[in-house]
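Working notes, beginning with the structure itself.
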Amino acid sequence: MKRLKQLFWISEDSRRNAPLTSKKKINRFAALLNLLLVTALWVALFWFSLRAIHVQLDFAFLGQFRIRIWDGFLVTLGLSVCSLILSLIIGILSAAGQSSPLLFIRFFCSVYVKFIRGTPLIMQIYLFFYIVGTAWGVNNRFVAGVLILSIFEGAYIAEIIRGSLLSLDESQLEAARSVGFTRRQTWRFVILPQMIARTLPALTGQFASIIKDSSLLSIIAVIELTQAMREISAVNFRLFECYLFLGILYLCLTLPISLISERLERRFQYES
Amino acid sequence: MKVEFQNLSKQYESGRIILKPMDFADDVHTLAVIGPSGGGKSTLLRIIGGLIAPTTGKLWVNSEEIEQNESSLQQYRRKIGFVFQQGGLFRHMNAHDNIAVPLEQVHGFSRTEASGRAMELLERFGLKDDWKKKPAALSGGQQQRVAIARAIAAKPGLLLLDEPTSALDPEYTTEVLDVIQELKEDGLHFIIVTHEMGFARHACDKAAFLCEGSLMEYGESAQLFGQPETEQLQRFLGKLLEWNL
Ligand SMILES: Nc1ncnc2c1ncn2[C@@H]1O[C@H](COP(=O)(O)OP(=O)(O)OP(=O)(O)O)[C@@H](O)[C@H]1O
Ligand SMILES: [Mg+2]
């Protein structure tokens with residue numbers, strides 16, 4: 001009975017401080033067994049749902065579209081990486097701007113952050129596509145997409161960075177002064193390392209969000225992964241296969257990232 | 001080290017006066033600053049350490065005036081060691097780096113010199129095996145010994161300690177006070193804010209009593225503890241005795 005319980009029940013102390021992915025304290029066999037059960041449940045759920053509407057899964061057609069899918073995958077990757085870089089820059093600047101001594105800059109940045117965080121991405125895409133695309137004359141949809149996505153994600157990154165700046169301990173800055181560090185040295189040896197430790201896990205998580213959010217750019221006809229799949233499904237009506245496969249492709253990108261993020265989080269937990 | 005100040009006072013923006021204007025001049029060897037909580041002891045020590053600026057008044061150390069601008073303060077802080085009550089170590093650095101990085105970056109040691117000096121001090125304070133640990137992995141007493149090691153690593157002319165033991169359990173308190181006593185025997189000069197009256201009385205040759213923002217009494221420790229003059233000090237010491245064995 002106790003053995004059986006051990007297979008399904010996590011002990012008190014490993015529950016307290018371990019995320020599920022740290023297998024160290026969870027019995028290997030129990031982990032495998034439970035993972036298998038979970039997978040079986042999901043597969044069964046899908047299978048019954050599809051049967052109820054008489055869909056028979058057939059992925060064979062994907063082969064003939066592999067070039068379009070691969071191209072879309074690369075565009076998504078490119079969009080995400082470019083947006084990550086640009087949104088990091090925007091995020092850092094607007095986080096710094098929000099603590100600027102100049103009231104104008106401070107308000108400018110916080111209005112930007114509040115507006116972006118308070119409105120849906122899809123509305124921003126339509127709105128900014130007219131501004132960026134039509135008024136600023138950016139005709140390249142990829143560039144427009146990167147700009148729009150970066151403006152959106154930049155606001156979230158700004159909040160991540162601002163939060164970690166706020167949580168910076170005054171006593172650490174005083175210690176830096178007491179050992180004789182200059183302002184520059186304080187930034188280099190104290191503030192930046194501590195902020196990076198604190199923001200890196202969240203920033204990595206944000207990268208996964210960027211990848212997912214880039215799918216909405218399909219509405220302005222950027223032919224990234226989602227748009228490619230939409231086009232394919234529009235000709236052969238294999239909606240289930242297309243979207244299921246689409247989900248798998250996104251997971252191929254986001255799952256490793258969230259694993260890295262969790263690992264970073266655990267590593268820095270003990271440091272700061 | 002000769003410490004001197006005139007008309008020194010501190011008032012925060014809220015308008016509250018923390019330190020009333022005070023004068024002081026003496027050659028400081030080992031000085032204990034005592035007094036009730038909130039009396040302004042930390043504030044005074046921070047001003048002497050060049051960490052905060054006084055509202056009025058001037059400060060001289062070794063007959064040199066301490067100018068309140070950032071670059072000369074930086075110069076000044078390099079000649080002083082500071083130990084905080086707690087949390088003064090850099091959290092993201094291990095014990096070794098906490099000592100070695102300032103030596104290398106601030107005092108111009110080479111990497112090997114800095115590292116050698118750090119290990120020498122860690123060994124001396126019984127922390128040789130813990131050099132790799134970050135502060136969070138050290139006990140409170142070990143953290144304070146690292147903090148002291150960092151503060152004296154560059155051989156400062158004066159060491160300032162702000163209640164270095166008040167966050168510690170009694171057994172750790174002793175190990176930290178022993179370290180300070182040992183440094184005293186090496187001829188290090190220090191000012192310590194402390195609630196350890198035994199240490200203030202027996203290990204420090206001078207003592208100052210700070211209460212409600214005024215420097216009420218100053219003199220030989222034996223004198224100050226033996227014959228307190230002001231009513232405030234008598235009451236303060238009386239209170240402390242209440243729970244003694
Ligand atoms: N940055 C600040 N702004 C406003 N008031 C402050 C600030 N720092 C300290 N104070 C106030 O100054 C007073 C004296 O503080 P200080 O820390 O110097 O006292 P203390 O004698 O060291 O007390 P303790 O024994 O509790 O450490 C306290 O009442 C405190 O609230
Ligand atoms: Mg204090």
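The values are calculated or read from the model by the stated rules, or taken from the named source; none is laboratory data. Predicted model, so just to flag it, every value in this text is computed and none were measured. Heads up, the Cβs are rebuilt from the backbone with ideal geometry, glycines too, and the neighbour counts pull from every protein chain shown. To get the accessible areas, we keep the full protein, side chains included, count just its heavy atoms, and leave off ligands, DNA and RNA. Shrake-Rupley method; radii C 1.70, N 1.55, O 1.52, S 1.80 Å.
Just a few scattered comments:
- The one condition in (1) within 16 Å of ligand 2 (Cβ to nearest atom); (2) in contact (Cβ under 8 Å) with a residue 60 or more places away in the chain; (3) of a type outside the set (F, W, Y); (4) open to solvent by less than 70 Å² (accessible area, probe 1.4 Å) that B:T165 fails to fulfil: (2)
- Residue within the range B:128-139 that is touching a residue at least 12 places away in the same chain (Cβ under 8 Å), buried (at least 18 other Cβ atoms within 10 Å of the Cβ) and facing chain A (nearest Cβ under 8 Å) present: yes
- Any pair with Cβ under 9 angstrom, 6 or more apart, that starts in the range B:28-51 at a residue that is under 22 Å from B:L237 (Cα atoms) and ends at one that is within 6 Å of ligand 1 (Cβ to nearest atom) and assigned to a helix (DSSP H, G or I): B:V33/B:K41; B:I34/B:K41; B:G35/B:K41
- Any chance A:P101 is free of Cβ contacts under 8 Å to residues at least 40 places away in the same chain, closer than 30 Å to A:E241 by Cα and open to solvent by 60 Å² or more (accessible area, probe 1.4 Å): no
- Test for B:G35: is it within 16 Å of ligand 2 (Cβ to nearest atom) and not β-branched (V, I, T): yes
- Index of the failed condition, B:Q142 passing every other in (1) surrounded by fewer than 23 Cβ atoms within 10 Å (Cβ to Cβ); (2) within 14 Å of chain A (Cβ to nearest Cβ); (3) free of Cβ contacts under 8 Å to residues at least 60 places away in the same chain: (2)
- Hey, A:S110 at pLDDT below 90, closer than 30 Å to A:F268 by Cβ, in the same structural domain as A:L216 (by TED's automatic domain parsing) and surrounded by 12 or more Cβ atoms within 10 Å (Cβ to Cβ) or not: no
- Set B:G87, B:G50: member being within 11 Å of chain A (Cβ to nearest Cβ), touching a Ser or Thr at 6+ places or on another chain (Cβ under 6 Å) and within 16 Å of ligand 1 (Cβ to nearest atom): B:G87
- For B:A114: the one exception among (1) buried (at least 22 other Cβ atoms within 10 Å of the Cβ); (2) among the aliphatic types (A, V, I, L, M); (3) in contact (Cβ under 8 Å) with a residue 60 or more places away in the chain; (4) within 13 Å of another protein chain (Cβ to nearest Cβ): (3)
- The condition of being open to solvent by less than 40 Å² (accessible area, probe 1.4 Å), more than 16 Å from ligand 2 (Cβ to nearest atom), farther than 30 Å from B:E231 by Cα and not hydrophobic (A, V, I, L, M, F, W, C) does not hold for B:R91.
- Those residues of the range A:123-179 which are of a type outside the set (D, E), within 14 Å of chain B (Cβ to nearest Cβ) and more than 21 Å from the chain's Cα centre (by Cα), in sequence order: A:S167, A:L168, A:S171, A:Q172, A:L173, A:A175, A:A176, A:R177, A:S178, A:V179
- Residues (under 20 Å from the mean Cα position of the chain (by Cα) and over 18 Å from A:L173 (Cβ atoms)) located in the range B:96-108: B:I99, B:L103
- Of the residues making up the range B:62-79, just one is touching a residue at least 40 places away in the same chain (Cβ under 8 Å) and either open to solvent by less than 10 Å² (accessible area, probe 1.4 Å) or at the interface with chain A (Cβ under 8 Å from one of its Cβ atoms) (or both), namely B:R78.
- All of (1) within 21 Å of A:G163 (Cα to Cα); (2) open to solvent by 70 Å² or more (accessible area, probe 1.4 Å) hold for A:N140 with one exception: (1).
- B:V83 being among the β-branched types (V, I, T), within 16 Å of ligand 2 (Cβ to nearest atom) and within 28 Å of B:E175 (Cα to Cα): yes
- Test: A:F46 is open to solvent by less than 80 Å² (accessible area, probe 1.4 Å) and in a helix (DSSP H, G or I): no
- Residue within the range B:20-40 that is under 15 Å from the mean Cα position of the chain (by Cα), open to solvent by 40 Å² or more (accessible area, probe 1.4 Å), within 11 Å of ligand 1 (Cβ to nearest atom) and over 12 Å from B:S214 (Cα atoms) present: no
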